[in-house]
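Have a look at the structure below, then the notes.
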Amino acid sequence: MNNNQSVISDEFELNYCIKGQGTPILVVGSSVYYPHLFSENLYEKFQFIFLDHRGFVALPRTLTAEDYTLDKVLNDIEIARQSLNLNDFIILGHSGHAFMALEYAKKYPRHVQKVILLNSAPTNSEERQQQSFSFFNKTADSERKRQFEKDIALLDRDIQKDPERRFVHMCIRMGAQSFYDYTFNAAYMWNSVYTNMPIIDHLWGEAFGKLNLIQSLNDLNKPVFLGLGRYDYLVSPVSLWDSVDDTYINVTKVIFEHSGHNPMFEEPQLFDNTLIEWINER
């Protein structure tokens, strides 16, 4: 099944794309971007539902401060869940969307079976962002650093030409911090991805900086899969998660040694096998 539809929440038209059949996995983020990252193998075993949040859709009206809040995003997800009649599902959040997935599972736990968190730091505070950048400067090899400097030098030009896609340009130009293969160009994945920058700026710049996923895990009794990439310099180092150890009996933490920010794309066979085993056994 491959279906593209939309649901209306608070006047925002949230598109969703359905791929595959089986246990539903709701992927919060962009319905255009995220289908690129997962393998056809997974679509043969599970039903992936890729759902936009309001940071990836056109503005329906003039925004108020209330429209930016994480609570509004969580409510959007719940409206979509009801519309899709999801009564026993897995929620997945990658990168910044991990905050949305975990906070949703805490606020609306009734229908959530399990939670998948991929490639996020525990917090997006400014201090943590500086820590990640320092880790990159101290530990990345010289070729990777040269590639990063070459790419990031083009970012200002990209933004000046197309300021409304600032988030997209940043993601593309930071490829040397995002991928194990630091020469990989992910620009094609972002084609036709719409970005609503006022909402994205608030969520990533403010809301996610005030949250801490490790603290939030203490308030959740659902099974959690935590996937990290050893070469994911965007949210590095993986040691930020060291306190999530065997005492977190509901959390399965997996570090993918040859991946950056997208192990489902970079190590698909290992990622698929690991995730399938976790879903089926817990």
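Any read-out appearing in this document is the output of simple, stated calculations on the displayed coordinates, not a laboratory observation. What you see is a predicted model, and the numbers here were worked out from it, not measured in a lab. Here the Cβ is made from the backbone with ideal geometry for all residues, glycine too, and neighbour counts use every protein chain on show.
Calculated on C-alpha atoms, the gyration radius of region 118-169 divided by its Kirkwood radius gives an Rg/Rh of 1.04. Name the shape class, rounded, prolate or oblate, that the alpha-carbon gyration tensor gives for region 57-205, where a ≥ b ≥ c are the square roots of its eigenvalues, rounded holds for a/c under 1.5, and otherwise prolate holds if a/b is larger than b/c and oblate otherwise. It is prolate, given that a/c is not under 1.5 and a/b is the larger ratio.
The alpha carbons of the chain occupy a box of 50, 47, 35 Å along the principal axes, longest dimension given first.
Take the alpha carbon gyration tensor of region 61-107, find the square roots of its eigenvalues, order them as a ≥ b ≥ c, and report rounded if a/c is under 1.5; if not, report prolate when a/b exceeds b/c, else oblate. Working shown, then result.
Numbers: a/c = 2.45, a/b = 1.40, b/c = 1.74.
Since a/c reaches 1.5 but b/c is at least a/b, the shape of region 61-107 is classed as oblate.
Where both bridge residues fall in region 1-78, DSSP classifies roughly 65% of the beta bridges as antiparallel. For GluC sites (Glu not before Pro), the sites in region 177-282 that DSSP calls loop and that have at most 14 other Cβ atoms within 10 Å are Glu257.
Looking at the chain, the DSSP beta bridges with both ends there are about 30 percent antiparallel. Cross-link partners for Lys253 among the lysines, with Cα-Cα distance under 30 Å and sequence neighbours closer than 8 places in the same chain left out: Lys19, Lys45, Lys72, Lys106, Lys107, Lys114, Lys138, Lys145, Lys210, Lys222. Over the C-alpha trace of region 172-282, radius of gyration and Dmax come out as 15.8, 43 angstrom. Electrostatic bookkeeping for Ser259 treats Lys and Arg as +1 and Asp and Glu as -1; over the other residues with beta carbon under 12 Å from its beta carbon, the sum is -4. Across region 267-279, rounded Karplus estimates of 3J(HN,Hα) from the backbone phi angles (6.51 cos²θ - 1.76 cosθ + 1.60, θ = phi - 60°) give 10, x, 5, 5, 4, 4, 4, 5, 5, 4, 4, 5, 5 Hz, Gly and Pro being marked x.
Can you bin region 1-139 into rounded, prolate or oblate? Criterion: square roots of the alpha carbon gyration tensor eigenvalues sorted a ≥ b ≥ c, rounded for a/c under 1.5, prolate for a/b above b/c, oblate for the rest.
Details: a/c = 1.70, a/b = 1.22, b/c = 1.40.
Here region 1-139 falls in the oblate category.
Sequence gap at least 6, Cα distance under 8 Å: using those rules, report the relative contact order of region 64-210 to the nearest whole percent. Present the calculation step by step, with values, prior to reporting the outcome.
Details: 142 pairs, mean separation 36.8, N = 147.
Computed over region 64-210, the figure is 25 percent.
At full extension, Ser125 and Arg61 could sit 20.1 nm farther apart than now, given 0.36 nm per residue minus the alpha carbon distance.
Mind ordering 189-200, 43-54 by average Cβ neighbours within 10 Å, highest first?
Details: 189-200: 16.2, 43-54: 21.8.
So the peptides 189-200, 43-54, ranked by packing, come out 43-54, 189-200.
Each helix, a run of at least 4 DSSP H residues, gives -39500 (n - 2.57); summed and divided by the residues of the chain, these come to -10000 deg cm²/dmol at 222 nm.
I want the local charge near Phe38. Using Cβ-Cβ distances under 10 Å, sum +1 for each Lys or Arg and -1 for each Asp or Glu among the other residues.
On the way: positive: Lys19; negative: Glu40, Asp272.
It works out to a net charge of -1.
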